[in-house]
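A short worksheet on the structure shown next.
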Amino acid sequence: MPETKKYPFHEQFLKKEWSYPMGAVLLAFLAMLLVLVTDQAWGVTGPLAIWGGKFLELIGINADSWEIYHGTLAKYNFWKNSTSLTNLGIVLGALLSTLLAAQFKIKKIKSGKNIAAAVIGGLLMGVGARFALGCNIGSFFSALPAFSLHGWVFGIFIFLGAAVGSKLLTKYFM
Amino acid sequence: MSENATSSIRRSARAPRETPEQRAKKRRIQLSLGAALIVGVVLLGFYIQSQNPRGAVIWAVGLSFGYVLQRSRFCFTAAMRDPVLTGSTALTKALIMAMALASIAYLAIQMKSIGLLPADLNAENLDDLSTIPGNIRDVGVHTALGGFIFGIGAVVAGGCASGTFMRMGEGFVQQWIAVVFFIIGSVAGMAMLPPMKASGILYQEGAIYLPQLFGGWLPAIAVQFGMLFILYVLADWYGKKKAGEI
């Protein structure tokens, strides 16, 4: 491709994809950095339950009085919550990466099946992550390497769930 | 498997019909927006630091997570799904590598915080495992059930928790819908936890920390890295077998 040669710097440093092992090394390094800085392991889904609870309060349901929230909603501050900050960081970091690679494109919904997949998949992930006290990050990437048995159990059952999910995906959502 | 379906999960090699001029224009626009975004996140970083004494570092790490996940196409869901769906284990092997590297990091951090002797592992202050760096949480039927449900959801939605946020940044509308229902599901899960705990069957109290379980650091290290090694060899073998190399 002629364009490839026209912008060698852009090709080499901003557009070229990194290898999976490169991703693995950097993610492990960043996760360690986060633990050292915040004394708290990397997580993702904790704030989602908080945001949902906040929304319930907005429509007049006092979720904060539920035993399971026990006042966490009142204490929550987006800017002081490390997981909320890293979540927003993931969105903007990925956006920055695609923009600098000149690959950004709104990927529209192609069919009702996409919507159904997002709705059902999203609900299941939310419920599953709360049952296991964390998601693929909090109860897996920050748990299995931390020598917690629940990380191993969670990982094994994500794998089994993913196998079932793959069958459902090919059968109903494609 | 149709092209349509894979594209929502993994970036496909699409070939848009664009003239070189259009492409150059698109590149200029996107690079300018990228430069503006850099200014934006730096300014936001200053605000975050003013609100949170560790904010700037956390912000930089979060942005780096997004950048690294996007650039390397590292996806926890695909690592779990691809062996079944496509027979590829390249990402699975990278995930095992990441787990092994993070294990080394946590080992160092935990040894420093707890102490090196087996006796240190039985110290009274370790009764509360949540004081140990890393997430060491209640394990039981709820963990297995949660993992199974989460695994199905992540594959169906086309991205796990980190993957959903990453794809939102990439411009996938599907993930913007998924995150709304992820939040609704989270609240539902929160509401279901107390009855699960009360049932006595679906939830077990108590976390299990491998160095305590095996009575020392060395056996825990042997089991942890031994298991990861076995899984890596298995994934490597399975991938080659599926690719027809064996």
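The values are calculated or read from the model by the stated rules, or taken from the named source; none is laboratory data. Here the structure is a predicted model, which is why all the values come from computation and not from measurement. FYI the Cβ positions are ideal-geometry reconstructions off the backbone, even for glycines, and counts take in every protein chain you see.
Before moving on, here are some points about what is shown:
- Filter result for the condition that a residue is of a type in the set (Gly, Ala, Ser) and within 18 Å of A:Gly161 (Cβ to Cβ), over B:Ala79, B:Ala119, B:Ala123: B:Ala79
- Per-region count, segment B:132-145, residues over 27 Å from B:Ile114 (Cβ atoms) and touching a residue at least 24 places away in the same chain (Cβ under 8 Å): 2
- For segment B:78-97, taking the residues that are within 8 Å of chain A (Cβ to nearest Cβ) and free of Cβ contacts under 8 Å to residues at least 24 places away in the same chain, the one that is farthest from A:Gly138 (Cα to Cα) is identified as B:Val84.
- Within the set B:Ala119, B:Ala154, the sole residue that is touching a Cys at 6+ places or on another chain (Cβ under 8 Å), aliphatic (A, V, I, L, M) and in a helix (DSSP H, G or I) turns out to be B:Ala154.
- Entirely in segment A:76-174, the helices (runs of 4 or more DSSP H) that have 3 or more residues that are assigned by TED's automatic domain parsing to the domain that holds A:Gly43, free of Cβ contacts under 8 Å to residues at least 24 places away in the same chain and farther than 15 Å from A:Gly46 by Cα: A:82-100
- Yes/no for A:Tyr76 being more than 7 Å from chain B (Cβ to nearest Cβ) and at pLDDT 95 or above: yes
- Some residue of segment A:22-39 being of a type outside the set (Lys, Arg), crowded, with 16+ Cβ neighbours inside 10 Å, in contact with a helix residue (DSSP H, G or I) (Cβ under 8 Å, 6 or more places away or on another chain) and farther than 30 Å from B:Thr89 by Cβ: yes
- Count of segment B:29-77 residues which are over 22 Å from the mean Cα position of the chain (by Cα), surrounded by 16 or more Cβ atoms within 10 Å (Cβ to Cβ), farther than 20 Å from B:Met168 by Cα and at the interface with chain A (Cβ under 7 Å from one of its Cβ atoms): 3
- Odd one out for B:Gln212 among (1) touching a residue at least 12 places away in the same chain (Cβ under 8 Å); (2) assigned to a helix (DSSP H, G or I); (3) closer than 29 Å to B:Gly87 by Cβ: (3)
- Of the residues making up segment A:43-60, those that are among the aliphatic types (A, V, I, L, M) and within 30 Å of B:Pro133 (Cβ to Cβ) are A:Val44, A:Leu48, A:Ala49, A:Ile50.
- Test: B:Ala207 is modelled with pLDDT of 95 or more and within 11 Å of chain A (Cβ to nearest Cβ): yes
- Odd one out for A:Phe9 among (1) more than 7 Å from every other protein chain (Cβ to nearest Cβ); (2) within 22 Å of B:Glu18 (Cβ to Cβ); (3) free of Cβ contacts under 8 Å to residues at least 12 places away in the same chain; (4) in a loop (DSSP other than H, G, I, E, B): (4)
- Residue check: B:Ala108 meets all listed conditions (1) more than 7 Å from every other protein chain (Cβ to nearest Cβ); (2) in contact (Cβ under 8 Å) with a residue 24 or more places away in the chain; (3) among the hydrophobic types (A, V, I, L, M, F, W, C) but one, namely (2).
- Any hit, segment A:25-42, residues being more than 7 Å from chain B (Cβ to nearest Cβ) and touching a residue at least 40 places away in the same chain (Cβ under 8 Å): yes
- Qualifying residue in segment A:92-102 (condition: at pLDDT below 95, within 7 Å of chain B (Cβ to nearest Cβ) and more than 28 Å from B:Ile208 (Cβ to Cβ)): yes
- Any hit, segment B:195-204, residues being part of a helix (DSSP H, G or I), more than 23 Å from B:Asp82 (Cα to Cα) and touching a helix residue (DSSP H, G or I) at 6+ places or on another chain (Cβ under 9 Å): yes
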